[in-house]
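This report refers to the structure that appears directly beneath it.
The values are calculated or read from the model by the stated rules, or taken from the named source; none is laboratory data. In this text the structure is predicted, and so the values were computed from the model without any measurement. As a convention, Cβ positions derive from the backbone with ideal geometry for all residues, glycine included, and neighbour counts pool all protein chains shown.
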Amino acid sequence: MKPLPSSMRERKRYIVFEVLSTEKIDRSELIDELWSSASSLLGDVGAASCNLWMLDFDGRRGILRCAHDKTAMVRAVLATINRVHGIRVGIHVLGISGTVKSATEKFMRQGDIPRDTID
Amino acid sequence: MLNYYDLNVHALPEGADPPSILSSVAKRYGYAAIAITNHSNFWSEVTAEGIISGVEIVADGISELKEKIKNYRPKVDVLLVHGGDPKINRAAVESSDVDVLAHPFHEFNHVLAKSAAENEVAIEFNLDALIYARGVSRVRALSAFQINLKLARKFGVPTVLTSGARSQYDLRAPREMIALASLFGMSEAEAIGALSKTPWSIILRNKKKARAWSYYETSTILDA
């Protein structure tokens with residue numbers, strides 16, 4: 001199949017977030033919780049328009065993709081997540097970027113993540 | 001950069017974490033300080049860096065409330081009243097010694113809004129109702145917030161946004177609080193004011209009062 005021309009692609013934002021929790025959080029469980037929180041807060045219609053997609057999550061930090069004009073809503077959805085599979089969590093957005101590259105460069109390299117695990 | 005404050009956080013023994021952990025998480029999230037406001041039946045004095053001492057007064061009746069306000073006022077910098085009951089809400093907004101009426105919910109109207117504006121009692125939008133509730137109870141909380149916000153705008157009542165956190169996992173960063181506030185129609189500028197300017201003016205006002213009070217005390221002692 002021919003790739004979609006760049007002008008026809010959805011505009012996106014990449015949200016880098018950090019999870020505060022006692023135990024390590026499983027990626028698929030976090031995705032389940034994200035979807036249930038999104039559809040509970042925004043309804044199925046609103047959740048669909050956010051165009052959510054979890055790109056990467058290492059148990060503490062992750063990158064979430066969403067529609068470019070829905071970042072405030074997605075922030076609210078992330079803020080309403082309080083438990084993942086029974087584990088208490090608090091999610092904190094580190095930053096938002098227009099590309100994966102700048103998102104990782106700006107927000108994922110801080111702190112204790114060693115450089116060579118990303119490159 | 002603006003200084004952000006969260007004026008309703010519960011620490012040990014009422015919450016799950018000691019004040020030091022709560023304040024370090026809050027600092028990482030971008031808050032200048034948080035107020036530890038345990039309910040009056042769990043209250044103990046807390047003083048530390050990045051922490052404002054506060055209390056959330058719980059009372060069954062008006063006379064008990066007045067007694068407790070008099071008792072706690074000299075001891076704390078931020079005084080909240082645990083609202084929700086119509087009589088308590090009314091007594092709280094009629095007292096200029098009260099800083100914040102916490103979660104008034106549906107028991108708030110134009111009469112109360114008018115006296116709240118006169119006495120400079122802020123009303124609280126406690127976002128834990130949006131974070132933890134799902135379904136009907138969250139819908140109710142949102143509609144109460146919408147009505148209270150409309151009244152606050154009309155009568156010029158100061159507003160504060162708080163997390164009502166009971167553990168470090170309940171705290172939310174200022175940007176997240178602003179996003180949650182937009183769900184019930186609060187604009188970004190209003191939300192920033194409710195996290196920074198309004199709490200700061202409350203803190204400042206009480207610091208001034210405390211200074212005036214201690215000055216008054218020393219001067220009367222000297223006179224005697």
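Quick look at the numbers
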quantity	calculated
Single residue of the range B:161-185 satisfying the filter (surrounded by fewer than 21 Cβ atoms within 10 Å (Cβ to Cβ) and of a type in the set (Gly, Ala, Ser)) that is farthest from B:ALA11 (Cα to Cα)	B:GLY185
Residues that are more than 9 Å from every other protein chain (Cβ to nearest Cβ) and closer than 18 Å to B:ILE178 by Cβ, drawn from the range A:78-113	A:LEU94, A:GLY95, A:ILE96
Unique residue being crowded, with 21+ Cβ neighbours inside 10 Å and either at pLDDT below 95 or within 22 Å of B:GLY164 (Cα to Cα) (or both) when the list is A:VAL74, A:VAL100	A:VAL74
Subset of the range A:38-70 [part of a helix (DSSP H, G or I) and surrounded by fewer than 17 Cβ atoms within 10 Å (Cβ to Cβ)]	A:SER39, A:SER40, A:GLY43, A:ASP44, A:VAL45, A:GLY46, A:ALA48, A:SER49
Condition broken by B:TYR31, with the remaining ones in (1) of a type in the set (Ser, Thr, Tyr); (2) in contact (Cβ under 8 Å) with a residue 60 or more places away in the chain; (3) surrounded by fewer than 21 Cβ atoms within 10 Å (Cβ to Cβ) satisfied	(3)
Selection count, the range B:119-139, where residues are in contact (Cβ under 8 Å) with a residue 12 or more places away in the chain and assigned to a helix (DSSP H, G or I)	5
Filtered residues of the range A:15-32 (kept if under 13 Å from the mean Cα position of the chain (by Cα) and either surrounded by fewer than 21 Cβ atoms within 10 Å (Cβ to Cβ) or more than 12 Å from chain B (Cβ to nearest Cβ) (or both))	A:VAL16, A:GLU18, A:ARG27, A:SER28, A:LEU30, A:ILE31, A:ASP32
Every pair of residues 6+ apart whose Cβ atoms lie under 9 Å, when the first sits in the range B:93-118 and is at positive phi while the second is part of a loop (DSSP other than H, G, I, E, B)	B:HIS103/B:GLY83; B:HIS103/B:GLY84; B:HIS103/B:GLY164; B:PHE105/B:GLY83; B:PHE105/B:GLY84
Filtered residues of the range B:60-97 (kept if outside any strand (DSSP E or B) and among the hydrophobic types (A, V, I, L, M, F, W, C))	B:ILE62, B:LEU65, B:ILE69, B:VAL76, B:ILE88, B:ALA91, B:ALA92, B:VAL93
Filtered residues of the range B:1-38 (kept if farther than 17 Å from B:ALA194 by Cα and part of a loop (DSSP other than H, G, I, E, B))	B:HIS10, B:ALA11, B:LEU12, B:PRO13, B:GLU14, B:GLY15, B:ALA16, B:ASP17, B:PRO18, B:THR37, B:ASN38
Only listed residue being farther than 25 Å from B:ILE88 by Cα, more than 16 Å from the chain's Cα centre (by Cα) and more than 11 Å from every other protein chain (Cβ to nearest Cβ), chosen from B:SER182, B:SER143, B:SER187, B:SER137	B:SER187
Residue that is modelled with the lowest pLDDT [pool: residues in the range B:39-59 that are under 22 Å from B:ALA122 (Cβ atoms), in contact with a strand residue (DSSP E or B) (Cβ under 7 Å, 6 or more places away or on another chain) and outside any strand (DSSP E or B)]	B:VAL46
Among the residues listed as B:VAL98, B:VAL121, B:VAL93, the single one being within 17 Å of B:HIS39 (Cβ to Cβ), within 14 Å of the chain's Cα centre (by Cα) and not hydroxyl-bearing (Ser, Thr, Tyr)	B:VAL98
Subset of the range B:150-160 that is touching a residue at least 40 places away in the same chain (Cβ under 8 Å) and part of a helix (DSSP H, G or I) - its residue that is surrounded by the fewest Cβ atoms within 10 Å (Cβ to Cβ)	B:LYS154
Residues of the range B:34-57 classified as of a type outside the set (A, V, I, L, M, F, W, C) and either touching a helix residue (DSSP H, G or I) at 6+ places or on another chain (Cβ under 7 Å) or surrounded by 15 or more Cβ atoms within 10 Å (Cβ to Cβ) (or both), total	8
Tally of residues being of a type in the set (Gly, Ala, Ser) and in a loop (DSSP other than H, G, I, E, B) across the range B:161-189	6
